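Asks: Structure incoming, see below.
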Amino acid sequence: MSGLIDFINRNFIEGIINDTSYNHFDMVTYVIILFLGVYAVLKLLNKLSLKIDEEFVIATIPYIFMGSVFRVIEDANLLKPPVKYFFITPLIYFVVFAICFGVLLFTRYLEKIQKIENYIRAYATAGAALSLAGIAILVYNTSFNWNLNVLVYSLVPAIILTEFIKRASPAIGMTYLRSRMYSFAIFSFVLDSLTTYIGVDLLGYTNKHPFSSFLTSFFGTGAILVPLSLILVLIIILLLEKDSREETDKGEKYMLALTLIVLGFSMGARNLLAMVFGV
C-alpha cells in the first residue's frame, strides 16, 4: 500500500504541487480523464435537451481561452496555495467545466423565462468577458516589457497556414475543412506547435510534455512539430467525418471536435500568453 501511495505522490501529487513537467503516467491519465469527461458531458447535455452542434462548439471556445488565461495567471505566481493548485492540470479541467456549465445552464434558464433571446450567444459573450477579465489581471500585474513580437510570429503563420488548408481542401476531397469548427481545430494545433517551437528553440522555455519533448530532441528542433501536428489533426478530422456518416447522432462528432480544440488551443494559447507577458 505504501508503494502505491509513493507512486501516486511521485507521479501525480508532486507534479501538481511543484508544477513540474508532465511524465508518461500523469499525461496519459489526464488525457483519459478528459475523454471520459467529454462522454459524461455529452450524456448530460443530451439528457438536458441542450443542442450540441457547431454553434455550441464555437461558443465554447472563449472558455478554453479563459482556462489558458487562468493557467498563465497561476504561472505568473499571482495565486497562492492552496488556490493555485486548482489552476494546474488536472484540477483546472474541473474548474473551467464548472464555470462553463454553470453559465450555460444559467443562460438557458434566462432564455426560457424570456430575459434574453439567444442563450448560446449570451453563453459565448460571458466566456469572452471572463477571458478579458483574466487578461486585465495579467496586464495589471505584469511589467510592460511584453514581447508583442511573439503575437506576429505565432498568429500570422498559423492563420496563413489554416487559410491555405481551407482553400486547398476541395483538392484533397476534404471540403468540410472549411467549416468554422474544423478550421479552428487546425489553427489550434498549428498555434500549439508554432508556439512550442518559438518558446523552446528561440526563447529558452522548457517543454513540459514528454512526447513533444522527445520529438524535439530526436529531430534537433521544435519546428518538426508543425508538420507533424498538422498531419495529426487532419487524420483525426478525417476519422471523425468518416465515423459521423455512419451515425444518426452527430453530437458525439461535435463533442470530439471540441475535445480536439481543447487539446490544441488550450496549450497554444497558454504558450502564446506566457511568452507575450514574459511569464
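Every number in this text was worked out from the coordinates using simple rules, so none of it is lab data. These numbers were taken from a predicted model, which means no experiment stands behind them. FYI the Cβ positions are ideal-geometry reconstructions off the backbone, even for glycines, and counts take in every protein chain you see.
Asks: Provide the packing ranking of 175-188, 204-217, i.e. peptides ordered by the mean count of other C-beta atoms within 10 Å per residue, highest first.
Replies: 175-188, 204-217
Asks: Which order, highest average first, do 43-52, 93-102 follow once you tally other Cβ atoms within 10 Å for each residue and take the mean per peptide?
Replies: Descending mean neighbour count gives 93-102, 43-52.
Asks: Of GLY278, GLN114, LEU151, which is farthest towards the positive pole of the chain's charge dipole, taken about the Cα centre with +1 and -1 on the beta-carbons of Lys, Arg and Asp, Glu respectively?
Replies: Of the options given, the answer is GLN114.
Asks: Which GluC sites (Glu not before Pro) in region 152-260 sit in a loop by DSSP (not H, G, I, E or B) and have at most 14 other Cβ atoms within 10 Å of their own Cβ?
Replies: GLU246, GLU247
Asks: Quick one: what are the phi-derived ³J(HN,Hα) couplings along region 43-55, Karplus 6.51/-1.76/1.60 with θ = phi - 60°, whole Hz, x for glycine and proline?
Replies: 5, 5, 5, 5, 5, 8, 6, 8, 6, 10, 8, 5, 4
Asks: Now, a different point. Using only helices, what value at 222 nm comes out for the chain when you add -39,500 (n - 2.57) per DSSP H run of length 4 or more and divide by the total residues, to the nearest 500 deg cm²/dmol?
Replies: Taking each H run of at least 4 residues, the total per residue is -24000 deg cm²/dmol.
Asks: Along region 213-224, what does the Karplus equation 6.51 cos²θ - 1.76 cosθ + 1.60 (θ = phi - 60°) give for ³J(HN,Hα), rounded to whole Hz, x for Gly and Pro?
Replies: After applying 6.51 cos²θ - 1.76 cosθ + 1.60, I find 5, 5, 5, 4, 5, 5, 8, x, 7, x, 4, 5 Hz.
Asks: Filter LYS47/LYS253; LYS43/LYS84; LYS166/LYS208; LYS51/LYS253 down to the pairs with a C-alpha to C-alpha distance above 19 Å, please.
Replies: Listed pairs above 19 Å: LYS43/LYS84; LYS166/LYS208.
Asks: Need the C-alpha centroid separation for region 34-73 versus region 169-214, integer Å.
Replies: Taking the Cα centre of region 169-214 as reference, the centre of region 34-73 is 20 Å away.
Asks: Another question, if that's okay. Rank ILE92, ILE160, ILE237 by mean-square fluctuation in a GNM of the chain with C-alpha springs under 10 angstrom and give only the top-ranked residue.
Replies: Top of the fluctuation ranking is ILE160.
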